[in-house]
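Remarks on the structure that follows.
The values are calculated or read from the model by the stated rules, or taken from the named source; none is laboratory data. In this text the structure is predicted, and so the values were computed from the model without any measurement. In this analysis, Cβ positions are derived from the backbone assuming ideal geometry, glycine residues included, and neighbour counts consider all displayed protein chains. Heads up: the accessible areas ignore ligands, DNA and RNA and are worked out on the full protein's heavy atoms, side chains in. Shrake-Rupley method; radii C 1.70, N 1.55, O 1.52, S 1.80 Å.
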Amino acid sequence: MKSLRRLTALTKAGVVESLQFRLGTFVTLFANLIYLALVYFLWKAIYASSGTDVVNGMTFYDTMIYLILATAIFNFLEMFIVWDMSRAIQSGEIIMHLLKPMRYRKYMFWSYSGSLVMSFILTFIPTFLVVVIVTKGAVPVGWNLLAFVLSLLLALVINYNIEMLVAPICLYTESTWGINIVKETIVLLLSGASIPLAFFPETFRKIVEFLPFRAVYDIPLTVLLKKNGTDSFDGLINAIVIQLIWCVVLTICGNLFWNHAVKKITVNGG
Amino acid sequence: MEEMIVKKRGFAFYLSIYKKILIQDLKSKMSYRADFIISTFGMIMTNLSGFVTFMILFHNFPSINGWDYHHMLFLYGFSLIALTPVQCFFDNNWNLRFMVRSGDFIKYCFRPINVFFYFISEVFDVKGIGQFVFGIATFVYAWAHIGIPVTVLTIAQAVVFLITASLFMIALMNFSAATCFWIINSGYVMVIMFRFKDFAKYPASIFNSIFRFIFTFIIPIAFIAYYPSLVFVTPDDVPLISWLSPFIGVVFFWLSYKFWMYGVRKYDFTGS
């Protein structure tokens, strides 16, 4: 009980911090809407030129929902851990985090949780509602919503673990920009966030199936849209189990790597 | 007291200064070799990923709005080349807001050379060269497959239109970077503009009239590749706006420069 209170205190601090009024938040929100409109026009033109309504099992609305929510999940999950950790290493501040009576990985997760809760409420839910209303019933509403939320939670853990697996590389090199851009590019392409995995050529898709990235975007979104066999109970369980396996595997890898990397820390003064 | 003679500096003078600053910058970059290699690798990865996305799209859809595979590739290559100068030569705009906020920016105002030139010349981003090579390869491949004639005229046109097209993105980034003289931490403006450029590689004809208007007259990303490309892709039916795009580019760049410099003057007055 005591430890739970300790953790929720970190969540609360994050909520308060992100509630500060920021002009940037509103401008970015507006720009996101414009960006979504552009995605809409692009795919409308693409589908209009194709001559058929369904391409690889995806209708125009399916593709739109998939891509818009992928962008929403991207904004929701974006954590900047690589940047924060590299800054903490360069300023020496990381020592303060390591001295805390809590495991560093755990501490980081819970101090991010507050801003995650806020961005979920302030950006993800409104986007989701707009999508449901605008697409007029193309989003199936039922048990899949519950499964989607569960799947999204697992995606959050997986994404956090990917971040924490990449960020300690900053302890070996100071190339933060480079590391971050490589991570982001790989995750966005191979998770289906830039183009739905359903459109990938057969062999390419087979390879991507065996990578953890699709568990961040593709699995939650296919669960929501009831595609790829997830409308049956077995298919749904299958998808969730894949996510669970990745959670475990990545957590173990992340722990091992962090324990190794933390010995590398050298702080100059401070 | 000695009298300072302020002479109008010529192009050759600035070129020689640029060369000196460039060499210093490259030297300092080379001392962080791992960073250089990883960043270059990252840049190649982003270009590769964009290319893979493009290929997957055309794996499923044969054409977009009447633009077939090779024509789209032409547009894509054109945009990659036109977006190289902003990456290579104008990357320091990303640091402007930090400099202005911390007050370090004042150092640029104390030199007897153009402030904009001095600030921008300080960083040369080598990573952009990978994108340039990628763009040229795509451009030449598409050019050959569409069967655009190779004459002195078409090549000269390509050079002029590519250079002037690059001015649009440079100007956009100048405008959005200079907002930091008025708004603290206005980095998001740059991030937003930088994201819009992703749509430069698609024909502007896919948008409805409102967005086509916005992308022509307000955030002119349609000029980065679409309008100038029409000169090569549909040589029999080139709209007037395509022919005018080089002049518009120069004017737009000049306006962004003036806006940037206006911000500098304003910054001096706040005196931090």
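Quick notes on this one:
- Selection from the stretch B:234-263 of residues that are open to solvent by less than 20 Å² (accessible area, probe 1.4 Å) and over 18 Å from B:Leu83 (Cβ atoms): B:Ser242, B:Trp260, B:Gly263
- In the stretch A:109-121, the residues that are of a type in the set (A, V, I, L, M, F, W, C) and farther than 16 Å from A:Val149 by Cα: A:Phe109, A:Trp110
- Qualifying residue in the stretch B:201-221 (condition: surrounded by fewer than 16 Cβ atoms within 10 Å (Cβ to Cβ), among the small types (Gly, Ala, Ser), free of Cβ contacts under 8 Å to residues at least 40 places away in the same chain and assigned to a helix (DSSP H, G or I)): yes
- Filtered residues of the stretch A:32-87 (kept if of a type in the set (Gly, Ala, Ser), surrounded by fewer than 20 Cβ atoms within 10 Å (Cβ to Cβ) and touching a helix residue (DSSP H, G or I) at 6+ places or on another chain (Cβ under 8 Å)): A:Ala37, A:Ser50, A:Gly57
- Residues in the stretch B:94-106 that are surrounded by 22 or more Cβ atoms within 10 Å (Cβ to Cβ) and of a type outside the set (D, E, K, R) were compared, and the one that is nearest to B:Tyr226 (Cα to Cα) is B:Leu96.
- Check on A:Phe120, over 30 Å from A:Ser91 (Cβ atoms), in contact with a helix residue (DSSP H, G or I) (Cβ under 9 Å, 6 or more places away or on another chain), more than 9 Å from chain B (Cβ to nearest Cβ) and free of Cβ contacts under 8 Å to residues at least 60 places away in the same chain: no
- Qualifying residues in the stretch A:111-162 (those that are among the polar types (S, T, N, Q) and more than 23 Å from A:Asn255 (Cβ to Cβ)) - the one modelled with the highest pLDDT: A:Ser151
- Subset of the stretch B:157-187 [assigned to a loop (DSSP other than H, G, I, E, B) and either of a type in the set (Val, Ile, Thr) or away from chain A (no Cβ under 14 Å) (or both)]: B:Ile183, B:Ile184
- Condition check for B:Ala158: surrounded by fewer than 22 Cβ atoms within 10 Å (Cβ to Cβ), over 14 Å from B:Phe223 (Cβ atoms) and small (Gly, Ala, Ser): yes
- Among residues of the stretch A:226-241, those that are over 10 Å from A:Ser151 (Cβ atoms) and either of a type in the set (Asp, Glu) or out of contact with any helix residue (DSSP H, G or I) (no Cβ under 6 Å at 6 or more places or on another chain) (or both), counted: 9
- Residue match in the stretch B:51-58 (condition: more than 23 Å from the chain's Cα centre (by Cα) and on the phi > 0 side of the Ramachandran plot): no
- Scope the stretch B:16-74; condition β-branched (Val, Ile, Thr), farther than 14 Å from B:Lys127 by Cβ and either touching a residue at least 40 places away in the same chain (Cβ under 8 Å) or more than 10 Å from chain A (Cβ to nearest Cβ) (or both); matching residues: B:Ile17, B:Ile21, B:Ile23, B:Ile64
- Selection count, the stretch A:186-212, where residues are open to solvent by 10 Å² or more (accessible area, probe 1.4 Å), within 12 Å of chain B (Cβ to nearest Cβ) and either assigned to a helix (DSSP H, G or I) or within 18 Å of A:Leu69 (Cβ to Cβ) (or both): 12
- Residue satisfying all of: in the stretch A:146-184; within 14 Å of chain B (Cβ to nearest Cβ) and within 13 Å of the chain's Cα centre (by Cα); farthest from A:Ile121 (Cα to Cα) among these: A:Lys183
- Residue in the stretch A:66-73 that is closer than 22 Å to A:Thr251 by Cβ, assigned to a helix (DSSP H, G or I) and either touching a Leu at 6+ places or on another chain (Cβ under 6 Å) or modelled with pLDDT of 80 or more (or both) present: yes
- Selection count, the stretch B:132-150, where residues are closer than 15 Å to B:Val86 by Cβ and surrounded by fewer than 21 Cβ atoms within 10 Å (Cβ to Cβ): 1
- Those residues of the stretch A:126-185 which are open to solvent by 10 Å² or more (accessible area, probe 1.4 Å), assigned to a loop (DSSP other than H, G, I, E, B) and not hydroxyl-bearing (Ser, Thr, Tyr), in sequence order: A:Lys136, A:Gly137, A:Ala138, A:Pro140, A:Val141, A:Gly142, A:Glu174
- Filtering A:Asp53, A:Asp62 for residues that are of a type outside the set (Val, Ile, Thr), within 14 Å of chain B (Cβ to nearest Cβ) and not in a helix (DSSP H, G or I) leaves a single hit, A:Asp53.
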